[in-house]
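Here is the structure we will look at, set down as structure tokens.
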Amino acid sequence: MKPGKIRALALGIFRKDGQILVFEGFDHVKQETFYRPLGGAIQFGEYARRALARELREELGVEITNLRYVGLSENIFTCDGKAGHEIVLIYAADLADRTVYERESMVGHEDDGSPIKVVWKPLEFFQRGEAPLYPDGLLELLLADDAVDDPQHSGPA
């Protein structure tokens, strides 16, 4: 995050059996574990859909299919003591490699090569307040959006 700059992000919602695929982060200042869907920064001149596909290739080495726009979130936050401001385009999608739906967890990689823990988490976990799901407002958007909850796109058949 660059101080004083707004970042544009594309995040993907991948579902299976009432769960979503997220990475687990930790805010050292707040001493808080949090979760966020996979995806990342949109580069200048890059469409959000392409950014999301690129990010999933970089983070997990997977291809995505069936992208569907879900909504937009403006996220103003503090993480590790640093202020951030993001405009987040949110897409539902499917993972082309169906074996990813069978894994409980996996290791992905950030842009700098550092590892990230990627897990399936039930939406109920976030509804109970066991840990935050970022960006703010995403849980409500997911619970309200019928397109994301389409049973035809909820994981392997």
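The values are calculated or read from the model by the stated rules, or taken from the named source; none is laboratory data. A quick note: this is a predicted structure, and the numbers were derived from the prediction, not measured. Cβ: placed from backbone, ideal geometry, glycine included. Neighbour counts: every protein chain shown.
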Matching residues, region 63-85, being at pLDDT 95 or above and surrounded by 18 or more Cβ atoms within 10 Å (Cβ to Cβ): ILE64
Wholly within region 1-79, strands (runs of 3 or more DSSP E) carrying at least 2 residues that are among the hydrophobic types (A, V, I, L, M, F, W, C) and closer than 13 Å to VAL118 by Cα: 19-27
Test set (1) surrounded by fewer than 14 Cβ atoms within 10 Å (Cβ to Cβ); (2) charged (D, E, K, R); (3) touching an Asp or Glu at 6+ places or on another chain (Cβ under 6 Å) - ARG7 fails condition number: (1)
Selected residue [acidic (Asp, Glu) and surrounded by fewer than 17 Cβ atoms within 10 Å (Cβ to Cβ)] from GLU59, GLU55, GLU46: GLU46
Tally, over region 83-136, of residues that are under 14 Å from the mean Cα position of the chain (by Cα) and part of a strand (DSSP E or B): 20
Matching residues, region 53-76, being touching a residue at least 24 places away in the same chain (Cβ under 8 Å), basic (Lys, Arg) and farther than 15 Å from ALA92 by Cα: none
